[in-house]
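The values are calculated or read from the model by the stated rules, or taken from the named source; none is laboratory data. Keep in mind that this is a model prediction, so the values were computed, not measured. Backbone-built Cβ (ideal geometry, glycine too); neighbour counts: all protein chains shown.
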Amino acid sequence: MSLKTHWEHIYQVKAPTQVSWYQEHSLQSLQFIRQTGMPKTGSIIDVGGGSSTLVDDLLTNGYQQISILDISAAALEVAKQRLGAHANDVTWLEADILHIRLPHHEYDLWHDRAVFHFLTQQDDRRHYVNLVKEAVKPGGHVIVATFASDGPERCSGLQVSRYEPESLHQEFGDSFVLLDSTKEIHHTPFGTEQKFLYCYCRKA
């Protein structure tokens, strides 16, 4: 089964509010985004945003240039249907993060909650980081959330990599300055806990 088929199947058989990563509001992500101090006219890309409600809150808070990238067409369709006419205010990108070319220095902010930790191969992680370097403007902001070192070892049937702030920053290297980090206990819709790590960096 291809990776795309895997994720399409998940979104086709589970309700949007029943996937383990569902949050009614992405409060920690929103806190870091506000912390950047970026203008509401800045360009944001949410990698793996899919059906996430982060886009709803970004629009409500006045952010004007939002792109949502996800491998699953079904996940993107969930968000489009939920937003209704406001979906026209968003750029939707259906693609695998490892097989897309993004515009040079296009984005002021890169956000990723729970994509990077699925990259268990070093070459894939290196490719991802190079894409961030290409797509994010100099001085731009990068917010990445993964499972913490004491978080789950697998998610949705796939193995993941787990991190501490230092090890996650090491993956990105000296081109990024680690400004802040925090851990979060995420309560899944079915009553379990997942320990997440959030890191906020600025591109040097």
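Things worth noting here:
- Residue count for segment 65-105 under the criterion of being surrounded by fewer than 17 Cβ atoms within 10 Å (Cβ to Cβ), touching a Leu at 6+ places or on another chain (Cβ under 9 Å) and part of a loop (DSSP other than H, G, I, E, B): the result is 4.
- Selection status of Thr5, without any contact (Cβ under 8 Å) to a residue 60 or more places away in the chain, part of a helix (DSSP H, G or I) and hydroxyl-bearing (Ser, Thr, Tyr): yes
- The single residue among Gln170, Gln159 that is more than 22 Å from Leu69 (Cα to Cα) and surrounded by fewer than 21 Cβ atoms within 10 Å (Cβ to Cβ) turns out to be Gln170.
- Residues that are in a loop (DSSP other than H, G, I, E, B), within 15 Å of the chain's Cα centre (by Cα) and within 16 Å of Trp110 (Cβ to Cβ) occur at least once in segment 24-31.
- Residue pairs whose Cβ atoms lie under 7 Å apart, separated by 6 or more positions or on different chains, with the first residue in segment 174-193 and under 17 Å from Phe147 (Cα atoms) and the second part of a strand (DSSP E or B) and among the small types (Gly, Ala, Ser), are Lys183/Ala148.
- Counting the residues of segment 124-171 that are assigned to a loop (DSSP other than H, G, I, E, B), touching a residue at least 24 places away in the same chain (Cβ under 8 Å) and not small (Gly, Ala, Ser) gives 5.
- Test for Trp21: is it in a loop (DSSP other than H, G, I, E, B) and touching a residue at least 40 places away in the same chain (Cβ under 8 Å): yes
- Residue check for Tyr22: modelled with pLDDT under 95 and touching a Pro at 6+ places or on another chain (Cβ under 7 Å): yes
- Test: Leu54 is closer than 16 Å to Ala114 by Cβ and surrounded by fewer than 16 Cβ atoms within 10 Å (Cβ to Cβ): no
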